[in-house]
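Okay, so here's the structure we're looking at.
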Amino acid sequence: LKTELEKYLLAHTGAESKLRYELDRQTHLQTRVPRMLSGHLQGNILKMFSQMIRPENILEIGTFTGYSALCLAEGLSETGKLITIEINDELADVAQSFFEKSTFAHKIEFIIGDAMQIIPKLEQSFDLVFIDADKHAYIDYYQMVLPKLRPGGFIIADNVLWDGKVYDKRFENDADTKALMKFNDFVQNDERVENVIFPVRDGFSLIRKLS
Ligand SMILES: C[S@@+](CC[C@H](N)C(=O)[O-])C[C@H]1O[C@@H](n2cnc3c(N)ncnc32)[C@H](O)[C@@H]1O
């Protein structure tokens, strides 16, 4: 159920495209954890960031059913490309079918496999990376993609507040919470970047690589 704040925000935020609305619906019908999908508000934020950056190359780690990929693709430059990686092949059909229905089909490369194995093989440099896969590996993804990020490029890391658990001592022994606490500390102390956490939805970190 949406809070009054969420209802108000959505009532004063640009509409979701029909395709994204339908993908949200299908995700609820066809998957077990539909709340993993970014959704209307965060989707619009991702789209807006991408439109501000106008990236030539985007990398997304954790496609799920493709909702955030469709949002990020909106900002790609004319010749831009988005690579999105998903380990769960059961999600491939849903994501692929929605990519094909979108106007960005030719700009999206959908790779099924383990991002840990695939990222080292990517040769291009990226202007924007969205980290949204398994939480225990966030530092590894970050370390892997930072050298591939152009100076001045951005990483967005999702779920960094983990439902408020990262600042609640009762959860400091929970594995995913611990991993996200470590990630947030790591980024905060990394002199190669500047960063800011947005307390939207489950919290996301916007990280900019310094020159
Ligand atoms: C939170 S969901 C992504 C949601 C999607 N970005 C969105 O906003 O709609 C996380 C996804 O990461 C995938 N994942 C987990 N570990 C992975 C890995 N090692 N490589 C690629 N994908 C992975 C999961 O299967 C899951 O579909």
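The values are calculated or read from the model by the stated rules, or taken from the named source; none is laboratory data. In this text, all values refer to a predicted model and were calculated from it rather than measured experimentally. As a convention, Cβ positions derive from the backbone with ideal geometry for all residues, glycine included, and neighbour counts pool all protein chains shown. These accessible areas exclude ligands, DNA and RNA; they are computed on the full protein's heavy atoms, side chains included. Shrake-Rupley method; radii C 1.70, N 1.55, O 1.52, S 1.80 Å.
Tabulated data
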| quantity | calculated |
| --- | --- |
| Computed [θ] at 222 nm, deg cm²/dmol, the chain (DSSP H ≥ 4; -39,500 (n - 2.57); rounded to nearest 500) | -11000 deg cm²/dmol |
| Estimated distance in nm for a label pair at residue 201 and residue 97, the labels positioned 7 Å out from Cα along Cα-to-Cβ | 2.3 nm |
| Gaussian network model of the chain, Cα within-10 Å springs - most flexible of 188, 96, 117 | 117 |
| Relative contact order (%) - criterion: Cα under 8 Å, at least six apart; region: region 1-73 | 36 percent |
| Gap separating the Cα centres of region 138-207 and region 1-66, nearest whole Å | 20 Å |
| Full-stretch length increase - residue 7, residue 32 - with 0.36 nm per residue and alpha-carbon distance subtracted | 6.6 nm |
| Given charges at beta-carbon only (K, R positive; D, E negative), |dipole| of region 18-70 in Debye | 180 debye |
| Most fluctuating residue given options 21, 138, 167, as computed from a GNM of the chain linking Cα atoms under 10 Å | 167 |
| Accessible-area ranking of 183, 198, 104, largest first, probe 1.4 Å | 198, 104, 183 |
| Point-charge dipole on Cβ atoms (K/R +1, D/E -1) for region 12-108, about Cα centre, debye to 20 | 260 debye |
| Overall form of region 1-123 per C-alpha gyration tensor (a/c, 1.5; a/b vs b/c) | oblate |
| Selection from 116, 41, 207 lying farthest towards where the dipole of the chain points positive, charges on Cβ | 41 |
| GluC sites (Glu not before Pro) within region 1-101: DSSP coil, no more than 14 neighbouring Cβ in 10 Å | 78 |
| Debye, to nearest 20: dipole size of the chain, +1 on Lys, Arg Cβ, -1 on Asp, Glu Cβ | 380 debye |
| Cleavage-rule hits (GluC sites (Glu not before Pro)) in region 165-211: DSSP loop, at most 10 neighbouring Cβ within 10 angstrom | 191 |
| Gyration tensor verdict on the chain (Cα atoms; rounded if a/c is under 1.5, prolate if a/b is larger than b/c, oblate otherwise) | rounded |
| Heavy-atom accessible area per residue - the chain, 1.4 Å, Å² | 53 Å² |
| Selection of trypsin sites (Lys or Arg not before Pro), region 1-85, meeting DSSP coil and at most 15 other Cβ within 10 Å | 2, 32 |
| Length-normalised contact order of the chain in % [C-alpha pairs under 8 Å, at least 6 apart] | 16 percent |
